[in-house]
Amino acid sequence: MRLLLVNPNTTVSMTEKAAEAARGAAPAGVEILARTSLSGPASIQGAEDGAAALPGLFAALRAGAAEGADAAIIACFDDTGLAEARALFPGPVLGIGQAAFHAAALSGHRFSVVTTLSVSIPVIEENLEAYGLAALCARVRASEVPVLALEELGGAAEAQVSAEIGRAVAEDGAGAIVLGCAGMADLADRLSAAHGVPVIDGVRAAVRLAHAMVGLGNGTG
């Protein structure tokens with residue numbers, strides 16, 4: 001099985017981080033084809049960046065389909081272009097946001113989302129409503145960490161995300177946390193251990209769900 005992982009921004013280090021998480025989650029025999037968009041913004045922070053990322057995302061999806069990918073994963077928590085992507089790709093397409101929300105819902109816990117900047121909150125809240133999962137989400141929170149700050153070694157980004165998780169647990173009563181950015185994919189295990197609650201990374205959730213959907217009959221009907 002071949003799973004296409006597309007980073008719809010142009011930051012290669014973020015693709016590599018997501019690909020490492022994806023390969024760690026992939027069952028034996030699953031190949032991860034990691035691709036970075038060749039055009040568009042360096043990070044996606046809000047609806048305008050998401051719109052600018054669409055041409056590069058769709059080009060990468062078409063190329064992945066030509067390579068024989070069985071399913072595709074959009075590695076942006078906003079689920080950028082998800083509906084359009086499902087219309088043009090021949091197999092299942094998952095966004096890491098939707099995958100993470102469903103994984104959190106299946107955990108049986110009321111969850112909070114901890115994302116990057118406040119500008120991303122409206123998009124995430126709209127997606128939760130569209131997926132019918134808003135009632136299970138206690139709150140969408142911003143750590144006020146810019147996306148590209150997550151790529152800086154030795155920076156304060158992890159501490160800021162961790163502090164917001166602490167507030168979510170204490171103030172929201174969240175029994176699980178969803179990390180609201182692909183750039184946080186390497187933080188889930190450490191943050192879960194630090195806070196004593198499940199911390200869900202959408203990249204890993206999407207890989208497992210995509211694998212299941214292909215196994216169930218291509219997930220298209």
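The values are calculated or read from the model by the stated rules, or taken from the named source; none is laboratory data. Quick caveat, the model's predicted, so the values are computed rather than measured. Cβ sites come from the backbone with ideal geometry, for glycine too, and all protein chains shown count toward neighbours.
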Ala85 being touching a strand residue (DSSP E or B) at 6+ places or on another chain (Cβ under 6 Å) and in the same structural domain as Ile44 (by TED's automatic domain parsing): yes
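Of the residues in the range 129-143, how many are charged (D, E, K, R) and in contact with a Ser or Thr (Cβ under 8 Å, 6 or more places away or on another chain)?
2
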Hits in the range 77-105 - residues which are part of a helix (DSSP H, G or I), surrounded by 24 or more Cβ atoms within 10 Å (Cβ to Cβ) and polar (S, T, N, Q): none
Failed item, numbered, when Pro122 is tested on (1) of a type outside the set (D, E, K, R); (2) outside any helix (DSSP H, G or I); (3) modelled with pLDDT of 95 or more; (4) over 15 Å from the mean Cα position of the chain (by Cα): (2)
Filter result for the condition that a residue is part of a helix (DSSP H, G or I), in the same structural domain as Phe77 (by TED's automatic domain parsing) and either in contact (Cβ under 8 Å) with a residue 40 or more places away in the chain or closer than 24 Å to Ser43 by Cβ (or both), over Ala168, Ala210, Ala163, Ala159: Ala210
Where Arg35 falls short, out of the listed (1) under 15 Å from Gly202 (Cβ atoms); (2) in contact with a strand residue (DSSP E or B) (Cβ under 6 Å, 6 or more places away or on another chain): (1)
Checklist (1) over 16 Å from the mean Cα position of the chain (by Cα); (2) within 20 Å of Glu144 (Cα to Cα) applied to Leu38, failing item: (2)
Members of the range 155-203 found to be within 16 Å of Lys17 (Cα to Cα) and polar (S, T, N, Q), listed by number: none
Enumeration of residues in the range 86-108 that are within 19 Å of Gly217 (Cα to Cα) and aliphatic (A, V, I, L, M): Ala87, Leu88, Val93, Leu94, Ala99
Every residue from the range 97-119 that is under 14 Å from Ala205 (Cβ atoms) and hydrophobic (A, V, I, L, M, F, W, C): Ala99, Ala100, Phe101, Ala103, Ala104, Ala105, Leu106, Phe111, Val113
